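FYI, it's all coordinate maths here, none of it is from the lab. All values derive from a computational prediction rather than experimental measurement. Every residue, glycine among them, receives a Cβ derived from its backbone with ideal geometry; neighbour counts consider all protein chains shown.
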Amino acid sequence: MNTVEIEQVSKSFGKVIAVNELSLNVPNGSIYGFIGPNGSGKTTTLRMIMNIYYPDNGMIRVLGKQVSGAASDRIGYLPEERGLYKNMKVREMLRFYGDLKNGQNIPAQVDYWLERLDLTNWADKKVQTLSKGMSQKVQFIATVVAKPELLILDEPFSGLDPVNMDVLKDAILEMQQAGTTVIFSTHDMAVAEKMCDFIFMIFKGQKVLDGTLTAIQDKYGSDTIRIRTADGRSVLSNLPGIDKINDFGRQQELRLRSGADTQAVLAEIMQRTSVEKFETVQPSLHDIFVRIAGPEAEEATHA
Amino acid sequence: MLKALKIAWREYKATVRTKGFIIGLIIAPIFMSGSGIAIKLLEDQVDTNDKRVVIIDHSNLMADYLIDLAEQRNQQAVYDQENGKKISPAYYFEKQAPATDIAAQRLALSDQIRAKELFAFLEIGPDVLHPGDDRERRRIKFHGENTAMDDLRGWLRRPVNDRLRRARLAEAGVKEALMNDLFLWINVESMGLISVDESGEVKDAESTSELESLIAPLIMMMLMFLMTMMGATPLLNSVMEEKTQRIAEVILGSVKPFHFMIGKVIGGLAVALTGAMVYITLGTIAVNRFGLEDKIPLDVLPWMFLFLTLQITMMGSAMAAAGSACNDAKDAQNLSFPVMLPSMIPIFIMFPVIKEPLSAFSTWMSLIPPFTPMLMLLRISTPMAVPVWQPWVGALGVLFFAVFSVWAGGRIFRVGILLSGTPPKLSTLVKWIGRG
């Protein structure tokens, strides 16, 4: 069973085609990662699932119902840019958002989540007194407080420190284990690799990747060498059989040209420096992303 | 629709709980009636410096008479008879014979006025008693630095003309004893209508003052305007802030855009009705205390609530729609004027309407839906009997227009609330109504 089914959906803004004939199925209880450069159509797709935007063509079915003019109370939505009433008190505002979703037992749920995310002491403070990280956690509570069956999170981790990121990640995983389907968009490829059951990439309004991480990587084969040497990036220039070098500082990833000999590459490098680590791997999601989206994506993933 | 009410309740609480709302309730009427209060408070603040005036009397009829009359006036009107405080300037007239070179004489007197040695000079033409064809010879000219606004010139008009009429009558052989009757001025009193009281007795008409005829319509009109400012106008900035702070997108995850907008409008309406109730309650206490119950047109109150509801629905939708199209405070400022215009125009034309509430102009203007709530209320608050069908037809028209405003506002809101970077123009908003 699928929580979300998108069939041949398109959406344009004036002459700009934001999403073009997109089809996608999000299975029940999965975590589905949406990736893509800025302006590629991720947020537009999420807004169409939320029925904030109406598609020009195609059909979207969410939780078994065709989306037709009603924002569902069974969906929790965390938009990319946070929206909180700055002059309201945290608890009061969360109850308001929960009530808007017709949630059950909202006061108790609000108190549970405030406790869970370590915000109880801030419950009666005005939102404008919160730090950015705290605001983000409050926004997350507003999204989950009505116990949604589908959770849509647009960039949920952006701007969070590692501790708060873990807190939020655990909360998302806990909800998934309780049966909630999660869709989230991210520019953090490492997070997508670790958390997502399925990854969907959209580029210039078109679907370019869709599947499990393994299935996606299998398509590209083991064409990547991960290497650590004594002299780093400086000795790896002009290697035969190498198309591209990704430098991560202490470690580099080399993309092999089709048909190139791994042993010949290793022999050449060993002539130049001492090799501390050398392994042939499938390309990382980051690498795949960059290969598809090129310079635009480099910008996006390093943003 | 329940969600719209939840949004309305939040909006209402967020507004009425603020100190700004309470302070606004107190301050707004003071601002509204500010000029009236200021005039009343400052009416005693007159320039009591004595005024010296030279008279060049070519007719030889006036100078002595005016000098005597000014002396009489100075004895009675300059000092308060009870406390002896000076409340008005004394007028001192001096006669100066016309010089051969009259132009030089006028210039010299003007220079004295500029040097503050003299307040003004009055030149009376030689033919004022029997004006002939020569206009210059029959003129009475009062020269000074600001004579157009001066009380002294106003004071002079009656004695000057009395003197001339008396002289003409005397020449015509009318006896002095008859002249007082001839000059007796009888005022035409303004009275209400004769009616029948509860016991069936014919009740005599009561006199009405100009102030009484004005005060009820003015209060109703100002109350409506004030409530519009309090309930509908803030929606523009409120929606714009929700848009720019991305709150709108969160809300739209739970509520349809139309319900979002309706919720905002209902919230604004609740704020306006609360304000109106506060003022009407306080006003009722005040009129009871001062025994003015019969001066208040209580039958107009249900109309006021009906028109206020329609006005806020109409204006609130327009404001919310305009707010949804704005991206920053500058956009909001640019759009607020055209959206406020339907509430401003009735203010601009209220005096002609109060004066002639049954004229074709007043009738037609009050039947144009955007102006109906304010102008129809103004007309039915006057003592004049507006035909019974007119408020009903007006209400029906404004009801249809309010429904249209909500519909059109909803379509603009739906497009505008998530669209950023497009500067709002009226033409764009019209396009959005079509696009929806």
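General observations
- Net charge dipole, the range B:252-388: roughly 120 debye, given to the nearest 20, about the Cα centre with Cβ charges of +1 for Lys and Arg and -1 for Asp and Glu.
- Relative contact order for the range B:15-174, counting Cα pairs under 8 Å that sit 6 or more residues apart, in percent: 22
- Taking B:HIS143, B:HIS130 and counting other C-beta atoms within 10 Å, the order from fewest to most: B:HIS130, B:HIS143
- Three-way shape label, chain A, alpha-carbon gyration tensor, a/c 1.5: prolate
- Alpha carbon convex hull of the range A:222-281, volume per residue in cubic angstrom: 68
- Separation between Cα centres of the range A:230-253 and the range B:40-91, rounded to whole Å: 104
- Rounded if a/c under 1.5, otherwise prolate or oblate - the range B:51-181, Cα gyration tensor axes: oblate
- Taking the number of Cβ atoms within 10 Å of each Cβ as an exposure proxy, the fewest-first ranking of A:GLU253, B:GLU189 is B:GLU189, A:GLU253.
- Global size of the range B:210-435 as Cα Rg and Dmax, reported in angstrom: 18.5, 59
- Average Cα contact separation per residue, chain B, under 8 Å, 6 or more apart, as relative contact order %: 16
- Value at 222 nm in deg cm²/dmol, rounded to 500, when DSSP H runs of n ≥ 4 in the protein assembly as shown each add -39,500 (n - 2.57): -16500 deg cm²/dmol
- Average beta carbon contacts from partner chains per residue of B:147-159, 10 Å cutoff: 0
- Kirkwood analysis of the range B:219-288, using all unique Cα-Cα pairs, places the hydrodynamic radius at 13.6 Å.
- Dipole check for chain A: with +1 at the C-beta of Lys and Arg, -1 at the C-beta of Asp and Glu, and the Cα centre as origin, the magnitude is about 660 Debye.
- Selected from A:ILE183, A:ILE292, A:ILE31 as most flexible by GNM, with chain A as the system and alpha-carbon contacts under 10 Å: A:ILE292
- Highest GNM mean-square fluctuation among A:LEU168, A:LEU84, A:LEU256, for chain A modelled with Cα contacts below 10 Å: A:LEU256.
- Per-residue mean of foreign Cβ neighbours for B:241-252 is 6 (Cβ atoms of other chains, 10 Å radius).
- Given charges at Cβ of Lys, Arg, Asp, Glu: the protein assembly as shown dipole, positive-most of B:GLN72, A:CYS196, B:CYS326: A:CYS196
- Radius ratio Rg over Rh of chain B, counting only Cα atoms, Kirkwood formula for Rh: 1.14
- Percent RCO, i.e. relative contact order, over the range A:2-217, from Cα pairs under 8 Å lying at least 6 residues apart: 29
- Computed from Cα positions, the angle between helix B:2-16 and the longest principal axis of chain B comes to roughly 40 degrees.
- Average beta-carbon neighbours from other chains, 10 Å sphere, peptide A:81-87: 6
- Taking a sphere under 15 Å around the Cβ of A:GLU81 and counting the other residues whose Cβ falls inside, with K and R at +1 and D and E at -1, yields a net charge of +1.
- Cβ crowding within 10 Å, taken as a proxy for footprinting-reagent exposure, orders B:LEU269, B:LEU375 from fewest neighbours to most as B:LEU269, B:LEU375.
- Other residues with beta-carbon under 11 Å from the beta-carbon of A:PRO107 carry, at +1 per Lys or Arg and -1 per Asp or Glu, a net charge of -1.
- Residue-by-residue Karplus 3J(HN,Hα) for the range B:176-192, coefficients 6.51, -1.76, 1.60, Hz, glycine and proline x: 4, 5, 7, 5, 4, 5, 4, 9, 6, 9, 10, 7, 8, 7, 8, 10, x
- GNM top mover of B:LEU129, B:LEU218, B:LEU310 - chain B, alpha-carbon springs below 10 Å: B:LEU129
- Our analysis of the protein assembly as shown gives Rg over Rh at 1.23, with the two radii drawn from alpha carbon positions and Rh computed by the Kirkwood formula.
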